Amino acid sequence: MTTAPIRSLPAVRLLGRQPVSQGPVPCFHTASGIECLFTGSELALCLDAGFTLYEPWISVELNGAWIARFPVQPGRSQVTLFRGMTPGTPKHVRVLKDVQAMHDDPDHFLLIEALAFEGGDFLPLPEPACRLEFVGNSITSGEGALGAVCEEDWIAPFFSAVNHYARMTADAFHAEWRIVSQSGWGLLSSWDNDPRRRVMDYYDTVCGLAAGPHNEALGAQQPYRFDSWKADAVILNLGTNDDGAMGNPPWTDPATGKTYAQRPTPEHLAELEQTAVDVLKKVRARNPRAVALCTTGLENSTAALGLGKWITSVTMTVFYVLLYYVWRKRYHVQGCAGCTAAVWLLAGLRVLLCMMPQNRWLEPDAPLRWGIYRNIPFALLGLLVIVLFYRKAKETADHAFRWMWLTIVLSFGFYIPVVLWADAYPLVGMLMIPKTCAYVWTVWIGLQAMRREAPGA
């Protein structure tokens, strides 16, 4: 076996924020570690670790699959990642620290000192398509991503860098990532109203969240060099703990006896808003070329957004019923009881399906199948109106309404992909913009015709 210091292997990619150092690689933040492409038959990690309360956990991925997870014991150790694999075949290896920087355990640290290997070479890794930085709280730390749903204990084994939205997002975009996060912390305070626990106060350091003299000696408190790794986008997921703090008891400073509590008062909400603005300014100043995406906020308005979708679904049904009667009036249609019955039947069925509790309008995980069910009669209603307008406009050579059918076709053409795929691919939701434009065209056709054909026009 050959043993080489980790920094002597230039083809090995370091994951996570790193201090200026030539020594072992400290893994401070969640999902920090190493990544490599190795052609040999055997590979092992040489580690150094310590803790008092919260042990470091590591996950190992091989060729995109999660193959191992283990706690790292205190002191120096060597852990085999694989042995006896086919020599000469490239193996994509990723070693990720599962847990965050454990601020409440100043003795917590993890170092990757070297790699031990048998034969083979370390090949250059493909360049990432982009670089993503994630900033947040327990959600971004992967806390609670493992363990039974009923578990409420706060322990290291329940953290995960694999079952984790940031890593999954980065993989989906073929991106390299960095994470800055701390469970329970917020913008203005922690969940229990401690104003000292603000994630962004440590944003300018490599990992100021890692406390204690040993972590300081490893470079955790060093200023972070943002120019060393330029993020293409910064995803901010903060504010959940601030929201929770508003319902929790005040925090009392043990040194001064002063208390602090976030509350939904105009003063506190204004302070929270200003802090959020300051955070965005800091992110922009440190990452001038990056996109800043704030992910917290819409989930707190799920019920309001769902109610809006519910109302819109009903009102659009009414719109098509009215459009049917526009057709009757414009072309002086008499009788046609079958068409009228079909319109009212489909509209009534659509509204009834929209009213069913199974739609779960006010919940964030509304089922797709009910989105399909309620839109079947809606689509049939639209199809009926399309056919009616197309036939009559052609029969009567109605120049003004010759494109009315097309506006409805376009509106459904843009709307159906949103129903089917917007949850899985959010960008598909952008099709609602041209859908709305199609409706505007529909109304514009009617308005223009009314102006031209009005008496005295």
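The values are calculated or read from the model by the stated rules, or taken from the named source; none is laboratory data. If you're wondering where the values come from, they're calculated on a predicted model, not measured in any experiment. A quick note on method: Cβ atoms are made from the backbone with ideal geometry, for glycine too, and the neighbour counts reach across all protein chains shown.
Some points to look at:
- When residues of region 254-267 are limited to those that are free of Cβ contacts under 8 Å to residues at least 40 places away in the same chain and under 31 Å from the mean Cα position of the chain (by Cα), the one surrounded by the most Cβ atoms within 10 Å (Cβ to Cβ): 263
- Scanning region 146-162 for residues that are farther than 11 Å from residue 31 by Cβ and either assigned to a loop (DSSP other than H, G, I, E, B) or under 17 Å from the mean Cα position of the chain (by Cα) (or both) turns up 146, 147, 148, 149, 150, 151, 152, 153, 154, 155.
- Residues in region 393-427 that are surrounded by 14 or more Cβ atoms within 10 Å (Cβ to Cβ) and among the acidic types (Asp, Glu) were compared, and the one that is nearest to residue 329 (Cα to Cα) is 398.
- Filter result (buried (at least 16 other Cβ atoms within 10 Å of the Cβ), of a type outside the set (Val, Ile, Thr) and farther than 17 Å from residue 413 by Cα) within region 351-372: 353, 354, 359, 361, 366, 370
- Condition met for residue 49 (under 15 Å from residue 32 (Cβ atoms), over 27 Å from the mean Cα position of the chain (by Cα) and in a strand (DSSP E or B)): yes
- A single entry from 396, 442, 436 fulfils the requirement of being assigned by TED's automatic domain parsing to the domain that holds residue 373 and farther than 22 Å from residue 380 by Cα: 396.
- Sole exception among (1) in contact with a Leu (Cβ under 9 Å, 6 or more places away or on another chain); (2) without any contact (Cβ under 8 Å) to a residue 24 or more places away in the chain; (3) not aliphatic (A, V, I, L, M) for residue 127, by number: (1)
- Any pair with Cβ under 8 angstrom, 6 or more apart, that starts in region 433-447 at a residue that is touching a residue at least 40 places away in the same chain (Cβ under 8 Å) and ends at one that is of a type in the set (A, V, I, L, M) and not in a helix (DSSP H, G or I): 445/400
- Options 133, 176; residue that is out of contact with any Ser or Thr (no Cβ under 9 Å at 6 or more places or on another chain), within 13 Å of residue 235 (Cβ to Cβ) and in a strand (DSSP E or B): 133
- If you go through region 27-44 and keep only what is in a strand (DSSP E or B) and out of contact with any Ser or Thr (no Cβ under 8 Å at 6 or more places or on another chain), you end up with 33, 34, 35, 36, 37, 38.
- Residue list for region 151-178, filter: surrounded by 15 or more Cβ atoms within 10 Å (Cβ to Cβ) and closer than 24 Å to residue 51 by Cα: 156, 157, 158, 159, 160, 161, 162, 163, 164, 178
- Output for region 207-245, where each listed residue is crowded, with 19+ Cβ neighbours inside 10 Å and in a loop (DSSP other than H, G, I, E, B): 207, 208, 209, 210, 211, 218, 219, 220, 224, 231, 238, 239
- Restricting 363, 395 to those that are modelled with pLDDT under 95 and farther than 26 Å from residue 446 by Cβ reduces the list to 363.
- Hey, residue 196 surrounded by fewer than 24 Cβ atoms within 10 Å (Cβ to Cβ) and either part of a strand (DSSP E or B) or touching a residue at least 40 places away in the same chain (Cβ under 8 Å) (or both) or not: no
- Residue within region 199-206 that is at pLDDT below 95, surrounded by 21 or more Cβ atoms within 10 Å (Cβ to Cβ) and assigned by TED's automatic domain parsing to the domain that holds residue 107 present: no
- Any chance residue 327 is surrounded by 12 or more Cβ atoms within 10 Å (Cβ to Cβ), assigned to a helix (DSSP H, G or I) and at pLDDT below 95: yes
- Across region 330-342, not a single residue is classified as within 24 Å of residue 435 (Cα to Cα) and out of contact with any Ser or Thr (no Cβ under 8 Å at 6 or more places or on another chain).
- Hits in region 73-121 (condition: part of a strand (DSSP E or B), crowded, with 21+ Cβ neighbours inside 10 Å and not aliphatic (A, V, I, L, M)): 94, 97, 109, 117
- Test for residue 255: is it within 19 Å of residue 97 (Cβ to Cβ), in a loop (DSSP other than H, G, I, E, B) and assigned by TED's automatic domain parsing to the domain that holds residue 156: no
- Check on residue 30, polar (S, T, N, Q) and surrounded by fewer than 19 Cβ atoms within 10 Å (Cβ to Cβ): no
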